[in-house]
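Structure record follows, encoded as structure tokens.
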């Protein structure tokens, strides 16, 4: 068997047999009230919060329960045998925040046939190149990160030999072997931990390694589990194919509104320098409680869409909703450091100034340079009912005036912000759009969604923009 490269031997990551953990969660997890959220979603959130390690041994259901009970203790909750609905929401948001603080996104090579997660805030992809009879995907940054696509020498038929060879070189403190691959973790100089995770096919295998310096281990050890959890091989895996790697941009989530920008630039989160106040509020809002009318989606669109504008803030696109003849509501992560933006509806365009900014609450108010023809009233937050119909209108991916239907699935509070949770679709570019009720009243400004789970979409309560 050809020798496995020294750089691979030096890095041993411990994502153990958690392919087995992919997932049977125990009886308690089956009783979770949020039916769209899976045990896998929760397990990944526990990985990102540092409470679930793939190096843990034992029965998967027991490991999972111990992990979420550890999270409950860390939050000061009474330890129970299942998570409440509020705890599920908090755990998912906390996991998403940690994940996106590291810029976690996917490196995918469809030609070769694999994908793996990458912490883009810590490492930068350099190149894919042939090396030592394999295809090597190189990164540079604060931690060591490298992926190898091996032909032949890491095939499943030769896996036992390769595993035994590495044991002699590495002296790992953690190891796991199973039919489709193996994992190892070993200590290096200065407290560094090297981690290797391998998956095999008959044609070859993938070896993903991450080396974390001693000073960063406590903070970033969870990356061992995250990397291994994310590594996937296609059924048509071909390590001899010509590499065509692609890194997906991070998706906007609850934890980091600013990733809604698709520019990839390090545009500052600094508020615009100008005459804008820091309240993120306006005195122009008109409240109206819901009546007995129950319009169709088509009728809601006809009534409310004329008040929804596309916002062009240079390298970023979003939406805004008019609530008076001059003022519109949007998210601050849409306008960021701009003092003036362009708003458009149908074929007409005009400029608008950013006049009120509250970055922490993600509330910004725009004032148009000319009078607007249509605007909407808002529903008081206390008047909104969980289970009622809801409609989103916005500009996802720059597609102006896109409509989607769902329900109000919950009302939440996150870091002091009142939120309306909905199953109505919110996608990248939807930020600043409107969430409307069945009478065309504005419930909230669509702001973010969670990657984990399905239909976990959120809008900032429209009433919170009111002075």
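The values are calculated or read from the model by the stated rules, or taken from the named source; none is laboratory data. A quick note: this is a predicted structure, and the numbers were derived from the prediction, not measured. Cβ coordinates were reconstructed from backbone atoms using ideal geometry, including for glycine residues, and neighbour counts include every protein chain displayed.
Condition (residue is modelled with pLDDT of 85 or more, surrounded by fewer than 24 Cβ atoms within 10 Å (Cβ to Cβ), farther than 23 Å from residue 291 by Cα and touching a strand residue (DSSP E or B) at 6+ places or on another chain (Cβ under 8 Å)) applied to segment 460-467: is it met by at least one residue?
The answer is yes, given that some residue of segment 460-467 is modelled with pLDDT of 85 or more, surrounded by fewer than 24 Cβ atoms within 10 Å (Cβ to Cβ), farther than 23 Å from residue 291 by Cα and touching a strand residue (DSSP E or B) at 6+ places or on another chain (Cβ under 8 Å).
For residue 440, are the conditions met, namely being at positive phi, at pLDDT 90 or above and outside the structural domain of residue 93 (by TED's automatic domain parsing)?
Values: at positive phi: yes; at pLDDT 90 or above: yes; outside the structural domain of residue 93 (by TED's automatic domain parsing): yes.
For residue 440, the condition - at positive phi, at pLDDT 90 or above and outside the structural domain of residue 93 (by TED's automatic domain parsing) - is met.
In segment 320-340, is there at least one residue being at positive phi, in contact (Cβ under 8 Å) with a residue 24 or more places away in the chain and touching a strand residue (DSSP E or B) at 6+ places or on another chain (Cβ under 8 Å)? Break it down stepwise before answering.
If we filter segment 320-340 for residues that are at positive phi, which is where we start, we get 336.
Imposing the further condition that a residue be in contact (Cβ under 8 Å) with a residue 24 or more places away in the chain reduces the set to 336.
Okay, now just the ones that are also touching a strand residue (DSSP E or B) at 6+ places or on another chain (Cβ under 8 Å), so none.
Looking for residues that are at positive phi, in contact (Cβ under 8 Å) with a residue 24 or more places away in the chain and touching a strand residue (DSSP E or B) at 6+ places or on another chain (Cβ under 8 Å), one finds none in segment 320-340, hence no.
What number of residues within segment 188-228 are without any contact (Cβ under 8 Å) to a residue 60 or more places away in the chain, out of contact with any helix residue (DSSP H, G or I) (no Cβ under 9 Å at 6 or more places or on another chain) and more than 26 Å from residue 239 (Cβ to Cβ)?
Matching residues across segment 188-228 total 2.
Name the one entry in 346, 362 that is on the phi > 0 side of the Ramachandran plot, more than 30 Å from the chain's Cα centre (by Cα) and either at pLDDT 95 or above or in the same structural domain as residue 437 (by TED's automatic domain parsing) (or both).
Details: 362 fails: more than 30 Å from the chain's Cα centre (by Cα).
Matching residue, one of 346, 362: 346.
Looking at 77, 52, which one is within 16 Å of residue 223 (Cα to Cα), touching a helix residue (DSSP H, G or I) at 6+ places or on another chain (Cβ under 9 Å) and either at pLDDT below 85 or assigned by TED's automatic domain parsing to the domain that holds residue 101 (or both)? Explain how you work it out, then say what you get.
Numbers: 77 fails: within 16 Å of residue 223 (Cα to Cα).
Sole residue among the options that is within 16 Å of residue 223 (Cα to Cα), touching a helix residue (DSSP H, G or I) at 6+ places or on another chain (Cβ under 9 Å) and either at pLDDT below 85 or assigned by TED's automatic domain parsing to the domain that holds residue 101 (or both): 52.
Among (1) part of a helix (DSSP H, G or I); (2) crowded, with 21+ Cβ neighbours inside 10 Å; (3) at pLDDT below 85, where does residue 37 come up short?
That leaves (1) as the condition not met.
Quick one: would you say residue 159 is within 28 Å of the chain's Cα centre (by Cα) and in the same structural domain as residue 56 (by TED's automatic domain parsing)?
Details: within 28 Å of the chain's Cα centre (by Cα): no; in the same structural domain as residue 56 (by TED's automatic domain parsing): yes.
No: the conditions fail for residue 159.
Residues are listed down the side, and each one gets a yes or a no for (1) on the phi > 0 side of the Ramachandran plot; (2) surrounded by 14 or more Cβ atoms within 10 Å (Cβ to Cβ); (3) in contact with a strand residue (DSSP E or B) (Cβ under 7 Å, 6 or more places away or on another chain); (4) modelled with pLDDT under 95:
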{"residue": "276", "(1), (2), (3), (4)": "no, yes, yes, yes"}
{"residue": "289", "(1), (2), (3), (4)": "no, no, no, yes"}
{"residue": "297", "(1), (2), (3), (4)": "no, yes, yes, yes"}
{"residue": "310", "(1), (2), (3), (4)": "no, yes, yes, yes"}
{"residue": "314", "(1), (2), (3), (4)": "yes, yes, no, yes"}
{"residue": "318", "(1), (2), (3), (4)": "no, yes, yes, yes"}
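Out of all the residues in segment 166-175, which are in contact (Cβ under 8 Å) with a residue 12 or more places away in the chain and more than 19 Å from residue 148 (Cβ to Cβ)?
The answer is 171, 173, 174.
For residue 328, indicate whether it is crowded, with 18+ Cβ neighbours inside 10 Å and modelled with pLDDT of 95 or more.
On the way: crowded, with 18+ Cβ neighbours inside 10 Å: yes; modelled with pLDDT of 95 or more: yes.
Criteria met by residue 328.
What are the pairs, 6+ residues apart or on separate chains, where a residue within segment 87-104 that is under 15 Å from residue 74 (Cβ atoms) and in the same structural domain as residue 141 (by TED's automatic domain parsing) has its Cβ under 6 Å from a residue that is in a helix (DSSP H, G or I) and modelled with pLDDT of 85 or more?
Filtered contacts from segment 87-104: 91/45; 95/45; 95/48; 98/48.
Out of segment 391-404, which residues are surrounded by fewer than 18 Cβ atoms within 10 Å (Cβ to Cβ) and in contact with a helix residue (DSSP H, G or I) (Cβ under 6 Å, 6 or more places away or on another chain)?
Residue satisfying the conditions is 401 alone.
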